[in-house]
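Please read the structure below before turning to the comments.
The values are calculated or read from the model by the stated rules, or taken from the named source; none is laboratory data. A quick note: this is a predicted structure, and the numbers were derived from the prediction, not measured. We place every Cβ from the backbone using ideal geometry, glycine too, and count neighbours over all the protein chains shown. For accessibility, only protein heavy atoms count, side chains too; no ligands or nucleic acids. Shrake-Rupley method; radii C 1.70, N 1.55, O 1.52, S 1.80 Å.
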Amino acid sequence: MYSGECVCPVILNLFSLSIDREYFQEIGLLDEGMEVYGGENVELGIRVWQCGGSVEVLPCSRIAHIERAHKPYTEDLTAHVRRNALRVAEVWMDEFKSHVYMDSGIDIGDISERKALRKKLQCKTFRWYLVSVYPEMRMYSDTVAYGVVRTLFTFPIFKKVGGGIE
């Protein structure tokens, strides 16, 4: 538990974090190309770190997040979340973006403004992020495919003949 002097500011909720309004504008606000819901917090966290900022814990802060039991904007968020994840990957993850591309054929919209923002802010690479900010994350650079391995056989492949296996 935090033992220092506790200053407990009132914080407005933004993905369960607080951010300085001017800094938020300086680093490009939210990606307006993202749809509906999902991924904004990941994109913002990666962008803040890669573009010279930091994410800090304020021990005495009080933050509330009230989530609806039913989201009225769509029945299935899966397609929107995937699309948003692909936008994040394409703009911020460099050679690691292939780890997110498990589905193809999803239109992620125009990301040229986000890429220009990254260049303007002179942001670091995703490799730097993995090495400097999240070293616990294992890096895979030679992944060929993702998936599940299953047997197509429903009968025993080997049968016992006499004293051995054939």
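List of remarks:
- Residues in segment 60-80 include none that are on the phi > 0 side of the Ramachandran plot and at pLDDT 80 or above.
- Restricting attention to segment 97-132, the residues that are within 23 Å of Tyr37 (Cα to Cα), open to solvent by less than 60 Å² (accessible area, probe 1.4 Å) and in a helix (DSSP H, G or I) add up to 4.
- Pair list, Cβ < 8 Å and 6+ apart or interchain, from segment 34-47 residues that are closer than 15 Å to Arg118 by Cα to residues that are aliphatic (A, V, I, L, M) and open to solvent by less than 20 Å² (accessible area, probe 1.4 Å): Glu43/Val88; Glu43/Val91; Ile46/Val88; Arg47/Ile27
- Selected residue (criterion: farthest from Ala89 (Cα to Cα)) from residues of segment 22-46 that are touching a Phe, Trp or Tyr at 6+ places or on another chain (Cβ under 6 Å) and aliphatic (A, V, I, L, M): Val36
- The number of residues in segment 38-54 that are part of a loop (DSSP other than H, G, I, E, B) and more than 13 Å from the chain's Cα centre (by Cα) comes to 4.
- Residue in segment 84-93 that is assigned to a loop (DSSP other than H, G, I, E, B) and either crowded, with 16+ Cβ neighbours inside 10 Å or in contact (Cβ under 8 Å) with a residue 24 or more places away in the chain (or both) present: yes
- Pair list, Cβ under 6 Å, 6 or more apart: segment 109-121 residue closer than 10 Å to Ile27 by Cα, other residue among the small types (Gly, Ala, Ser): Leu117/Gly28
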